[in-house]
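Okay, structure first, notes after.
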Amino acid sequence: MQASDVAPHGVMVLPKIKIESYSLELRDQHGFVGDQASQTAFRELLERWRKRLKNRHGKDPLGKVPSKHIAKSELDEAMQAKRNKEEARDLLHAAIEEFSEELAHVIRRYLRQKTWRKVQRIVLGGGLPGSGVGEHAVLQAAALLQADGIAVQLARLSHETDDGGLIGWVHLAPRVLIEEYDAILAVDIGGTNVRCGIVQTRRKKAPDLSRARVVRRHKWRHADDQPQRQLLVQGIADMLHELIAHARRKKLALAPFVGIACPGLIREDGSIARGAQNMPGDWASPNFHLPSELAELLPPIDDQHPLVLMHNDAVVQGLSELPFMQDVKHWGILTVGTGLGNVSYTNRQRLAKPQS
């Protein structure tokens, strides 16, 4: 593989697509606009609704567990509650309605930005939209935007939430590696979780890489352990060691490559300019270079030192949708996680379709 085959970290223009902007930091009188429509914001809003109800009626239908610790599956169950738990269902509906108004407000703000004005469709990614509660919020936000005459479509990720930030790397990895090998390694680091996986390209079945899938994945909720920065990097390396060994056992042709999706604005040299404040430690320090530090902890793959590239996590998650966005020219993604990631794209060329 020649140097000309390798795009820089944080690349903005690829043969098939141009990344118009990402990690925009919009502000209003309340602070960062995106913070109003994050999963963290929804949990805080839900907590306020619970306190109001408890002050009024003396009880909380969701119990004593703080909202930030209630699993999304439990909230989804409460949404489907029977008659004896109507209060919990109504409480959630009230919180969802208020959150959907905030989400619609945030979308309006982004659509006024120069790099977002032509966006025809917005994919909602991240942890919240993948749940039943999140689906209701997205549908309500779409209805509010439509009522305002804003002609933008809202859609959810085609992949599982945990997979989007891994699968997107098949569109960023050097093409020569995608053509010569069956699979790549990918890492998705968030403020709460880190995911590492083997992504099988399945390029022979679908040249547009629309059938790429995660065949093995590890997930670590590092927020519970609160590791120091170096321990988090070591933990990622340990998970990748196991995935490399798994690929060897399964005789899977694994490319000497690791893609890292990480919060923040990523410079071409692989350092983080800003936006990684939810990560443990100072990830924007000039003395910290995640791709290099991780590469030193990894073994050779196919007798080669693995190439480690890094890009923004929302950018990568959005690119997992690239094969399914060929009917629009301009599109974007908002990732509703610990924070709110934002990216806008312009398709430059149509992808090759699978052979019949």
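What follows draws every value from the coordinates through simple rules; no lab data is involved. Note that the structure is a prediction, hence the values are computed from the model and not measured. As a convention, Cβ positions derive from the backbone with ideal geometry for all residues, glycine included, and neighbour counts pool all protein chains shown.
Under 12 Å from the Cβ of Ala212, count the other residues' Cβ atoms, weight Lys and Arg +1, Asp and Glu -1, and hand me the total.
+2
Residues in the range 323-345 near a label at Gln277, defined as backbone nitrogen under 20 Å from the 7 Å Cα→Cβ point?
Within reach of a label on Gln277: 335-343.
Taking the Cα-to-Cβ direction at Thr192 and at Glu86 and moving 7 Å from each Cα, how far apart do the two end points lie in nm?
3.1 nm
Given points 7 Å out from each Cα along the Cα-Cβ axis, report the Gln230 to Lys18 separation in nanometres with one decimal.
4.4 nm
Would you look at the GNM of the chain, springs on alpha carbons closer than 10 Å, and say which of Arg156, Arg56, Arg211 moves the most?
Its mean-square fluctuation being the largest, the pick is Arg56.
Find the centroid of the Cα atoms in the range 5-31 and in the range 196-247, then give the distance between the two in whole Å.
23 Å
Order by neighbour count: Asp224, Asp303, Asp313, fewest other Cβ atoms within 10 Å first, most last.
Fewest to most other Cβ atoms nearby, the residues stand as Asp303, Asp224, Asp313.
What trypsin sites (Lys or Arg not before Pro) in the range 71-140 are in a loop by DSSP, with at most 12 other Cβ atoms within 10 Å of the Cβ?
Lys82, Arg112, Arg117
Considering only the chain, what is the antiparallel percent among its DSSP beta bridges, to the nearest 5?
That works out to approximately 60 percent antiparallel.
Pick out, from His246, Gly281, Ser210, the residue whose Cα sits farthest towards the positive end of the charge dipole of the range 161-316, with +1 on the Cβ of Lys and Arg and -1 on the Cβ of Asp and Glu.
Checking the options against the dipole of the range 161-316, the answer is Ser210.
Which number gives the lysine pairs in the range 27-156 that have C-alpha atoms under 24 Å apart and are eight or more places apart or on different chains?
22
Restrict the search to the range 251-339; then list the trypsin sites (Lys or Arg not before Pro) that DSSP places in a loop and that have at most 11 other Cβ atoms within 10 Å of their Cβ.
Taking the range 251-339 and a limit of 11 other Cβ atoms within 10 Å, the loop trypsin sites (Lys or Arg not before Pro) found are Lys251.
Compute the long axis of helix 132-147 from its Cα atoms, compare it with the longest principal axis of the Cα atoms of the chain, and write down the angle in degrees, 0 to 90, nearest 10.
Around 80 degrees separate the two axes.
In nanometres, what is the gap between the two model label sites at Asp269 and Lys251, each 7 Å from Cα along Cα-to-Cβ?
Result for the modelled spin labels: 4.6 nm.
Which pairs in the list Lys204/Lys251; Lys204/Lys250; Lys16/Lys219 are over 21 Å apart, alpha-carbon to alpha-carbon?
Pairs exceeding 21 Å: Lys16/Lys219.
Please compute the Cα-Cα pair-distance distribution of the chain with 10 Å bins starting at 0, giving whole percents from short to long.
5, 24, 32, 24, 11, 3, 0
Using a/c under 1.5 as the rounded threshold, could you call the range 213-356 rounded, prolate or oblate? The axes a ≥ b ≥ c are square roots of the C-alpha gyration tensor eigenvalues, and prolate needs a/b larger than b/c, oblate otherwise.
Note, shape of the range 213-356 comes out oblate.
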